[in-house]
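Reviewing the structure listed below.
Read-outs throughout are calculated quantities, based only on the coordinates presented, and are distinct from any laboratory measurement. Since we're looking at a predicted model, the values are computed, not measured. Neighbour counts run over all protein chains shown; Cβ positions are idealised from the backbone, glycine included.
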Amino acid sequence: MVRFTVLASGSRGNSTVVCGGQTRILVDAGLSCRELFRRMRAVGEEPEKLDAIIVTHEHQDHINGLAVTARKLGIPVYFTEATHRAWMRWLTPRRQMSYAQWLEQCRKQAAERSVEPSVAIEDEIEEPEAGMAGNGDGSLPGAAAAASQVNSNGAARAADSAGGEAAPEEKKPWKDDPTWLPSVEYFQSGKPFTIGDIAVSPFTISHDAADPVGFVFSAEGVRMAMATDLGYISPNVKAQLKRADLLLLESNHDLEMLRDGPYPWSVKQRVLSRVGHLSNEATAEFLEQGYDGQAQYVILGHLSENNNLPELARIGAERALAGKASLLANRLLLACQDEPLSSLQF
């Protein structure tokens with residue numbers, strides 16, 4: 001059984017579950033871990049059976065619950081390398097420094113480099129004890145201390161298993177490193193790969209992120225394409241969206257509502273740009289002129305709550321699909337922000 005379930009789609013969070021064979025993939029984790037699990041259970045999906053998380057790009061509405069969800073389930077996260085680096089930068093606190101502080105730091109570093117050591121090198125090195133170099137106070141330097149700590153932890157666990165005192169509780173690694181994940185796997189746009197029973201074909205999209213991608217997922221002969229968060233539909237995207245059995249496509253905003261709406265002009269320019277979001281009009285134009293009409297389901301996603309109305313998106317898409325009427329294809333659905341879409345099965 002192949003299933004496709006949109007858990008949330010919009011500017012406050014995006015996430016979808018793709019199931020094929022024995023494999024279950026979470027595409028983006030833009031909601032909190034608790035809310036993701038709640039919505040999955042509401043549509044009959046078991047969070048504990050997820051095999052991986054795969055990320056389209058690093059914007060917060062796509063990764064808000066990523067770290068907690070991956071850690072809780074102990075599953076790998078698939079990124080492009082650039083997206084992973086951008087995500088890590090976003091999570092890592094940045095140290096603020098004035099120009100005067102920077103100059104003072106440079107002066108100190110230059111002074112330290114210019115000072116000659118006051119003792120001979122051979123006097124600084126003590127004879128290793130029991131095959132291990134020491135610091136003169138019984139402590140161990142750098143990696144040697146870390147290795148010793150690992151060995152002592154192992155010995156403590158061994159003593160515990162032999163009936164000795166219980167070892168202290170192991171510290172959770174993400175307490176010191178918010179970017180820690182159970183496992184990270186890299187993929188590259190344009191290079192297909194597999195996760196269990198699901199074949200994944202990532203493709204580049206036009207958006208203001210480090211390395212944004214859309215996906216085509218294939219399982220048991222079913223082809224499911226996702227393309228949201230893109231400023232325009234480029235030729236490579238059009239090629240990827242052909243022969244899809246399911247198509248999730250962005251229909252973000254109504255042009256007049258956006259232009260007359262409350263956003264600052266700079267934000268409006270971003271949304272309207274070629275690295276922004278698809279309008280209802282652009283989506284309808286593609287559905288009328290560039291879409292091959294073969295998808296059993298067409299889902300409109302990432303609708304703006306401030307600059308769009310579901311009925312406006314629906315009307316534009318229905319008119320565009322009027323010439324592609326079919327009993328077996330082009331059933332139009334709208335994904336929303338506040339509740340999951342019922343699972344679509346093939």
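Past the 24 Å Cα-Cα mark, which pairs from K72/K175; K49/K238; K49/K191; K191/K324; K191/K242?
Correct reply: K49/K238; K49/K191; K191/K324.
For region 277-292, in order, what is each residue's ³J(HN,Hα) by Karplus, 6.51 cos²θ - 1.76 cosθ + 1.60 with θ = phi - 60°, in whole Hz (x at glycine and Pro)?
Ordered by residue, 3J(HN,Hα) equals 9, 6, 7, 4, 5, 5, 5, 5, 4, 5, 4, 7, 10, x, 8, 7 Hz.
Under 5 Å between amide H atoms, partner at least 5 residues away or on a different chain: which partners does Q337 have, H built in plane at 1.01 Å?
The answer is S9.
Short version: what are the Cα gyration tensor semi-axes of region 1-45, square root of 5 times each eigenvalue, largest first, in whole Å? Before the final figure, lay out the partial values.
On the way: eigenvalues 66, 24, 14 Å².
For region 1-45, the ellipsoid semi-axes come out as 18, 11, 8 Å.
Would you tally the net charge around L287, using a Cβ to Cβ cut-off of less than 10 Å, leaving L287 out, and scoring K and R as +1, D and E as -1? Display every interim value, and only then the final one.
Values: positive: R319, K324; negative: E285, E288, E318.
Neighbour charge sum, excluding L287 itself: -1.
Just to confirm the filter: which trypsin sites (Lys or Arg not before Pro) across region 244-296 are DSSP coil and have at most 14 other Cβ within 10 angstrom of their Cβ? It would help to have the intermediate numbers written out before the result.
Numbers: sites: R259, K268, R270, R274; in loops: R274.
Those satisfying the criteria are R274.
In a shell of Cβ-Cβ distance under 9 Å around A86, excluding A86 itself, what net charge do Lys and Arg (+1) and Asp and Glu (-1) give?
Working: positive: R85, R89; negative: E58, D211.
Surrounding charge for A86 is 0.
What is the set of long-range amide H partners of D197 at a cut-off below 5 Å, with H atoms built 1.01 Å from backbone N?
Q22, T23
Please provide three numbers in whole Å: the alpha-carbon extents of region 229-337 along the principal axes, with the largest listed first.
43, 28, 23
Long-range amide H contacts for I233: which residues qualify at under 5 Å (H placed 1.01 Å from N, peptide plane, sequence gap of 5 or more or a different chain)?
Under 5 Å from the amide H of I233: no residue qualifies.
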